[in-house]
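Report on the following structure.
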Amino acid sequence: MPGKHLYEYAVIRLVPRVEREEFLNVGIILFSKGAKYLNCKYQIDTEKLKLFSCEVGVEDFEKNLNAFHKICTGAKDGGPVAQWDTPDRFRWLTAQRSSSLQTSRPHNGFSDDLDATLERLFNELVL
């Protein structure tokens with residue numbers, strides 16, 4: 001029997017050079033409308049990132065991911081988008097864009113423990 005919470009998730013990707021369309025999976029964003037849950041987890045593997053480009057500014061990626069996290073969690077200092085409803089924030093964060101921070105298209109599943117699912121997906125798809 002599937003878990004009680006329907007969820008959607010997307011992989012957070014860093015794209016060091018957008019024109020090359022190469023990316024590095026760095027995180028997961030997980031959303032469940034029914035559970036009113038939206039959270040993300042990320043980690044930058046700087047050694048892997050250096051393989052894509054020697055001119056990468058890791059600090060800029062960290063700032064972008066920090067802003068992404070603030071919007072995801074609805075932080076007061078996350079700007080106007082962070083104050084939107086949870087589903088709207090998830091849709092905005094996972095919208096297709098051509099920038100150095102992108103997400104995969106959303107996928108879905110069922111879970112009894114959303115925090116554990118976030119951790120499992122992070123371990124499987126990022127680490």
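The values are calculated or read from the model by the stated rules, or taken from the named source; none is laboratory data. Values in this document were obtained by computation on a predicted structure and should not be read as measured data. Reconstructed Cβ throughout: ideal geometry from the backbone, glycine too, with neighbour counts over all protein chains shown.
For residue 51, the conditions (1) surrounded by 12 or more Cβ atoms within 10 Å (Cβ to Cβ); (2) within 17 Å of the chain's Cα centre (by Cα); (3) assigned to a helix (DSSP H, G or I) all hold with the exception of (2). A count restricted to region 3-14 and to residues that are assigned to a loop (DSSP other than H, G, I, E, B) and touching a helix residue (DSSP H, G or I) at 6+ places or on another chain (Cβ under 9 Å) stands at 1. For region 90-112, a tally of residues being in contact (Cβ under 8 Å) with a residue 40 or more places away in the chain and either of a type in the set (Gly, Ala, Ser) or in a loop (DSSP other than H, G, I, E, B) (or both) returns 10. When the residues of region 59-79 are filtered to those that are modelled with pLDDT under 95 and either aromatic (Phe, Trp, Tyr) or more than 17 Å from the chain's Cα centre (by Cα) (or both), which remaining residue is surrounded by the fewest Cβ atoms within 10 Å (Cβ to Cβ)? Residue satisfying both the conditions and the ranking: 59. Does region 53-63 contain at least one residue that is out of contact with any Lys or Arg (no Cβ under 7 Å at 6 or more places or on another chain) and among the polar types (S, T, N, Q)? No - not one qualifying residue is present in region 53-63. Is it fair to say residue 71 is outside any helix (DSSP H, G or I) and β-branched (Val, Ile, Thr)? Considered against the rule, which asks whether it is outside any helix (DSSP H, G or I) and β-branched (Val, Ile, Thr), residue 71 comes out as no. Tell me, yes or no, whether region 17-28 has at least one residue that is buried (at least 16 other Cβ atoms within 10 Å of the Cβ), assigned to a loop (DSSP other than H, G, I, E, B) and either in contact (Cβ under 8 Å) with a residue 40 or more places away in the chain or among the basic types (Lys, Arg) (or both). Within region 17-28 (the criterion being buried (at least 16 other Cβ atoms within 10 Å of the Cβ), assigned to a loop (DSSP other than H, G, I, E, B) and either in contact (Cβ under 8 Å) with a residue 40 or more places away in the chain or among the basic types (Lys, Arg) (or both)), the answer is yes, since at least one residue qualifies.
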